[in-house]
Amino acid sequence: MPEPRAITMAAFMASLTLAALAFWLVSHSRHGRALRSWAAGSVLASGGALLNVSQGLVGAELALLVGNPAMVAGLGLLIDGTHRLAGKPPRQVWWLVPAVCLILTSLWWGLWSPSLPHRVMAFSSATIWLMGCLLFALWPLRKRGTALGLAFVAIAALLLSVLMLVRAVWAWHGNIQPVYVLGSPFNMVVYLVGAMSFVAIQTGLLLVHQLLVINDLQAEAERDSLTGLLNRHALASCLPTVLDGWALVAVDLDHFKHVNDTHGHAAGDRVLAFVGQVLLRQLREGDMAVRMGGEEFAVLLYNMEEPGAYAVAERLRDDLQRLAPDSTGLAVTASLGLAMASTGTDFSTPWRQADAALYSAKSKGRNRVERASTQEVTP
């Protein structure tokens, strides 16, 4: 079985490779600060481990007073980067306190009153704490399509925590040996599994980042860049096969061509962006708003009866008319058509009905909501 220094050196080289990959990704990602924290943390933690395992080759002051706190600080930077990836502020106190504690314990139990069991228990406790902090930092990302990466990190972090707990128990009973000797098979397993767990955590974090990038690209492809609403292409993948219990509101801006011709396309874009904001404000969880093309929109309301759907449509019409002057500097109105999906129908049937009701609203003077007839209408 390889000795601890060889294991740690292999892990150090792997960490350098992953850190280089993280630095390369910085220029290709909007999560650059998180990646820089991860890269610096990887080098610092693996370098600290290499110093720690080099006891006997380098002085105890360097191996303990620098190596142990460096490992904690490196893990802390991984935690800080994870907070940044989740859009949260870093919390340095979470790892600075354990780092200071390890400096003090290294001084006391490493130099002044040497005690290997006490040092091992202190370091193991700090590692378990930091693994918990890392998983806590990752928790907000659990619903963003990163399950595979999170599982990768979580399994490695839990395995490392269990290993540290077992090692602390062994140290408590006096069955522990210095890191720089070949030692027992258990000692070798500790360093082999520990080193590989750390590399796996780094790999998992990079995987989480890449999955977030993929999800962001997919979301951008499904969103209309001007309004922030779903585009027509995304609608096909989001809709259920049948729309039982759904209400559909077709929305079309009145005289929008006049806005573009009179005030210019920049003003027209402001109006469209404003419409997107108004539609999104009225959505509940499960509802959808779609830009169907040009100045035409669709609002799909999940599990809503006709009176409630009509009230939503009226609020949309009123908000568009009332808020537009302050938001866009222009008068904006819209005509809306409401249709209820009947049992077993797909999107096309209520959409045709809602579109026909919308044209009816336009023919009756615009700036109004019309209900579709119970029979399908051809516009």
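The values are calculated or read from the model by the stated rules, or taken from the named source; none is laboratory data. Computed from a prediction, not measured in an experiment: that's the story for all the values here. Note that each Cβ is placed from the backbone with ideal geometry, even for glycine, and that neighbours are counted across all protein chains shown. Please note that ligands, DNA and RNA were not included when accessible areas were found on the heavy atoms of the full protein model with its side chains. Shrake-Rupley method; radii C 1.70, N 1.55, O 1.52, S 1.80 Å.
Would you mention how many residues in the range 92-104 are without any contact (Cβ under 8 Å) to a residue 24 or more places away in the chain and either touching a Lys or Arg at 6+ places or on another chain (Cβ under 9 Å) or assigned to a loop (DSSP other than H, G, I, E, B) (or both)?
Selection size over the range 92-104: 1.
May I ask you to say which residue of V199, V251 is among the aliphatic types (A, V, I, L, M) and at pLDDT 90 or above?
Going through V199, V251 in turn, just one is among the aliphatic types (A, V, I, L, M) and at pLDDT 90 or above: V251.
Out of L138, L165, I need the residue that is open to solvent by 40 Å² or more (accessible area, probe 1.4 Å), over 30 Å from R270 (Cα atoms) and in a helix (DSSP H, G or I). Which one?
It is L165.
Does A289 satisfy the criteria of being of a type in the set (G, A, S) and open to solvent by less than 40 Å² (accessible area, probe 1.4 Å)?
Criteria met by A289.
Restricted to the range 84-130, and to residues that are among the hydroxyl-bearing types (S, T, Y) and open to solvent by 40 Å² or more (accessible area, probe 1.4 Å), which residue is modelled with the highest pLDDT?
S125
Working only within the range 71-83, note down all residues that are open to solvent by 10 Å² or more (accessible area, probe 1.4 Å) and either modelled with pLDDT of 90 or more or touching a strand residue (DSSP E or B) at 6+ places or on another chain (Cβ under 7 Å) (or both).
Hits for the range 71-83 are A73, L75, L77.
Considering P114, P89, which residue is over 32 Å from the mean Cα position of the chain (by Cα) and either over 29 Å from N175 (Cβ atoms) or not aromatic (F, W, Y) (or both)?
Checking each option against the conditions leaves just P114.
Return the residues of the range 1-50 that are at pLDDT below 70, among the aromatic types (F, W, Y) and open to solvent by 60 Å² or more (accessible area, probe 1.4 Å); say none if nothing qualifies.
Of everything in the range 1-50, just one residue is at pLDDT below 70, among the aromatic types (F, W, Y) and open to solvent by 60 Å² or more (accessible area, probe 1.4 Å), namely F23.
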